[in-house]
Amino acid sequence: MPEGTHPLSAGLKRILVVTGSGISAESGIPTFRGQGGYWRNLDPSKLATEAAFRKDPELVWQWYEERRALIRRSQPNAAHQALVQLAGKARDFLILTQNVDDLQARAEWQAKRLDGSQIVQIHGDIFVTKCSRCTFSRREINKESEGVPSCPNCGAMMRPGVVWFDEELNPDEVARVENFFLAGVCDLVLVIGTTAVFDYIVNWALKAKGTDGRLIEINPEETPLSQFATETFRAPAAKIMPKLVEGFLQ
Ligand code: APR
């Protein structure tokens, strides 16, 4: 068991896991910020905006199509798998991910648990294509589109079903997170592979921790949440998560 962890005791059954792009890094998907984050010398945080889409929809779609293709070729890693193990042992469990990839969901399918209700993709799903004008939307996991698709319903430009930097969160997904909090604070909060730049992410993690909960951060780098962590592991997620979860489940 890694130093500083304790077994998942009887009182440690309500768990929130907050993940960011760092958990998928070892599956070969570049994080947004930091090494390998840039695409064709462009900053993804500038591409992932409604304004960028209005200005150059072709370019924004090219970036998303490349990312979709990369995610399709990638496999869940040991950190995604470890979370499935942990989910199976917790009484209440929620993964709040900022990732738009489907690697966590695929780890669940591979484990034959199929319980998507325990994952909230707060920034949307990269495999959803939705109309920029009407409510039409479809999920297209294997379809590659060329250029900017048009809505079969109203003819307007279609766009990826993700939440861009200059957009509001989907209220239905926010409600799913808030519902999880209705049953009270958590015994354990794991924060894995996120720079935690958004206030709502920091606030949810701290709300879940409450005054007495444990907050464990797994990230090679320090983040704004580090100061609130009761334990930190400065190591890659796929390396540390299996041991950490094994320790909890003893
Ligand atoms: N294991 C754990 N953490 C890692 C690993 C790894 N192998 N590799 C990198 N990290 C950490 C980095 O140190 C960094 O803190 O993952 C974090 C990645 O940060 P970002 O690229 O900023 O990703 P994220 O926090 O998910 O970004 C939040 O911003 O761009 C938007 O919508 C996008 O959902 C994304 C959001």
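Within the range 34-45, identify whether any single residue is open to solvent by less than 50 Å² (accessible area, probe 1.4 Å) and in contact with a strand residue (DSSP E or B) (Cβ under 8 Å, 6 or more places away or on another chain), and answer yes or no. Within the range 34-45, not a single residue is open to solvent by less than 50 Å² (accessible area, probe 1.4 Å) and in contact with a strand residue (DSSP E or B) (Cβ under 8 Å, 6 or more places away or on another chain).
Go through the range 56-73 and report how many residues are within 13 Å of the ligand (Cβ to nearest atom) and open to solvent by 40 Å² or more (accessible area, probe 1.4 Å).
So the count comes out to 0.
Checking every residue in the range 90-101 against the condition of being free of Cβ contacts under 8 Å to residues at least 40 places away in the same chain, away from the ligand (no atom under 16 Å from the Cβ) and in contact with a helix residue (DSSP H, G or I) (Cβ under 9 Å, 6 or more places away or on another chain) gives zero matches. The set of residues in the range 43-55 that are among the hydrophobic types (A, V, I, L, M, F, W, C) and either on the phi > 0 side of the Ramachandran plot or within 13 Å of the ligand (Cβ to nearest atom) (or both) comprises Leu47, Ala48, Ala52. For the range 160-195, the set of residues classified as at positive phi and surrounded by fewer than 19 Cβ atoms within 10 Å (Cβ to Cβ) consists of Gly184 only.
Of everything in the range 80-106 that is β-branched (Val, Ile, Thr) and in a strand (DSSP E or B), the residue that is nearest to Gly193 (Cα to Cα) is Thr97. With respect to (1) under 28 Å from Arg54 (Cβ atoms); (2) outside any loop (DSSP other than H, G, I, E, B); (3) among the acidic types (Asp, Glu), the lone exception for Glu168 is condition (2). The residues listed here are Asp199, Asp125; of these, the one that is open to solvent by 70 Å² or more (accessible area, probe 1.4 Å) and either of a type in the set (Asp, Glu) or in contact (Cβ under 8 Å) with a residue 60 or more places away in the chain (or both) is Asp199.
The values are calculated or read from the model by the stated rules, or taken from the named source; none is laboratory data. Note that the coordinates shown come from a computational prediction; the quantities given were computed from them, not determined experimentally. No Cβ is skipped: glycine too gets one built from the backbone with ideal geometry, and neighbour counts run over all protein chains shown. All accessible areas refer to the heavy atoms of the entire protein, side chains included, with ligands and DNA or RNA removed. Shrake-Rupley method; radii C 1.70, N 1.55, O 1.52, S 1.80 Å.
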